[in-house]
């Protein structure tokens, strides 16, 4: 059972727009339609959120054609949506590319892994958790979903009576005693922001943590590498200056809860990590592993998802103002969604941070030095 964090943005006219509600339950209810109760701050608010028959995903609205949903996904998808814009044909192309590039990719991966023990352990772990035949099978069989039914209307959002900031939510699916089906409750978070708000982006694997290549696998088995010094202080300062912090990861929706637990557990010199949405992949663990570690396409997901969030703001607004990452592809993703190059910082495994200063390459000794430079790149915002 799992769900993704939801971002809701209040528009200039007072209406609300949101990212899709991705909620997945554990049991198959066949083709029987079930209502899901959304409970916010311990108050039950009923909205027309239903289980999609046979797929265990929730959708909004009363009219639905299940068979058409998957076939018409690419025709009906929203431009720049926060969902994975991957059709069945695109998935098959990924499969073909995976098979074709496997020898070269493995050779490249081995060359990048300096420590032989880590390389061996990584290979064994990935082979154990994600056998290639299962990866291909899952990629072929996984479905895509129409955003028309995953994104609520402004009326639906108004019914939730959200408060500004963090809203803790429970998605409740009542059980069925006669069929021996237990009641299911999934904890989630909805963030209500204003169209005037501005956002700082922070990648997790390799940017918060010191390890990038092992991040997804170790999250799956419940183990985390150490984090870079100064990250808590830096992000806390960014938040104090009036900016929201949005965390990015190519990890799957099923790892979202453990990822949040990890972020909330980090504490350095009396600083905690700011509370913010965690943008996870809406596909499963298999897809996330293929994209991040075999095809090296995590930036594809990030750009599409960030453009989806950007579409919640007025057209003339660029909500993203700063980006922290650890790979050239992170830099590309941040530039693609409008962040100034002077406001992009890339950290390496040794803790050295690279950026631009006066239009020239500049190396910072770590996040502490970046923090001292914030005054030049992030003016203090007036808090509403």
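None of the figures in this text is laboratory data; all of them are computed from the coordinates on show. Just so it is clear, the model here is predicted, and its values are computed rather than measured. Counting neighbours? That spans all protein chains shown, and the Cβs are built from the backbone with ideal geometry, glycine included.
Put a dot 7 Å past each Cα toward the Cβ at residue 226 and residue 194; how far apart are the dots in nm?
4.2 nm
What ranking, highest mean first, results for peptides 314-324, 241-251 when packing means the other Cβ atoms within 10 Å averaged over each residue?
In descending order of packing, they fall as 241-251, 314-324.
Sort 342, 5, 13, 203 so the one with the fewest other Cβ atoms within 10 Å of its own Cβ comes first.
13, 342, 5, 203
By how many nm would the segment from residue 13 to residue 348 lengthen if fully extended, with 0.36 nm per residue of separation less the alpha-carbon distance?
Full extension from residue 13 to residue 348 adds 116.3 nm.
Could you list 226, 362, 334 so that the one with the fewest beta carbons within 10 Å of its beta carbon is first and the one with the most is last?
226, 362, 334
Among 273, 1, rank each residue by its count of other Cβ atoms within 10 Å, from fewest to most, as a rough exposure measure.
1, 273
Which value in nm describes the separation of the simple spin-label points at residue 170 and residue 340, placed 7 Å from the Cα toward the beta carbon?
Rounded to a tenth, the inter-label distance reads 4.6 nm.
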